[in-house]
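Worksheet for the structure shown next.
The numbers here are math on the coordinates, done by the rules we state, and not lab data. Not measured: the values here are computed from a predicted model. All Cβ positions, even for glycine, are placed from backbone atoms using ideal geometry, and neighbour counts span all protein chains on display.
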Amino acid sequence: MAGRRSPRPHKIPRIALTGGIASGKSTVARLFQALGAKLIDTDQIARDLVVPPSPVLDRIAARFGPTVLTTQGTLDRAQLRRIVFEDAPARRDLESIMHPAIADEVARWSAAAGGPYQLIAIPLLVETGTAGDYDRVLLVDVDPATQRARLMARDATDPDAASRMLAAQAPREARRAVADDIIDNDGDLAHLAPQIEALHRRYLALQPD
């Protein structure tokens, strides 16, 4: 674990929640919310940013062409996903459009959210190099074979497509290297809940007196 951050006493503690695709981040986030944590979900922010009319959506369409839009003028996420997971330069172009806009919204939501601590769900934390912006990094970790099986079951993805999607993300070792706390999500909810409860108590203790 990283073990290199200290709480910022003048601010509400902010915990970056990250993990690979199909690692179980959403389940972990819901369990933390049930305990009282404030959640800021960058995936939801990303979805909101491309709801028409949207300058972000306009930039995406200008870069990737009309095939990434539905007949109603909304973003065709499946088509865009196919493009960027198979083309690294295209993925970087998309990130250059989305990441600054997401960061601005995260800052705005965080300023308004309050709470004993905030959980910022950031799947691409390693890829964006923003781990140092948070008081702690919490990784939802899972064995790659389990991750691949869950991805295929969740998205009805074929094995080759699942492998490409996993390969497009940061390696497991890179995610573990930036983590202060790691949740093992290879098991069921009964295995997950005690880990979350223990971390919840730890994060409450980060609050300023």
If you build a Gaussian network model of the chain, linking Cα atoms that sit under 10 Å apart, which residue out of ASP160, ASP186, ASP135 swings the most? ASP160
Give me the angle, in degrees from 0 to 90, between the Cα long axis of helix 55-64 and the longest principal axis of the Cα atoms of the chain, rounded to the nearest 10. 50
In region 120-194, taking the dipole from +1 charges on Lys and Arg beta carbons and -1 charges on Asp and Glu beta carbons about the Cα centre, the listed residue (ASN185, ALA121, ALA156) farthest towards the positive end is ALA156
Cα gyration tensor shape for the chain, rounded if a/c is under 1.5, else prolate or oblate: oblate
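Considering all alpha-carbon pairs of region 45-114, what whole percent are spaced by more than 13 angstrom?
Working: 1587 of 2415 pairs.
It works out to 66 percent of all Cα pairs.
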DSSP bridge pairs, the chain: antiparallel proportion in percent, nearest 5: 5
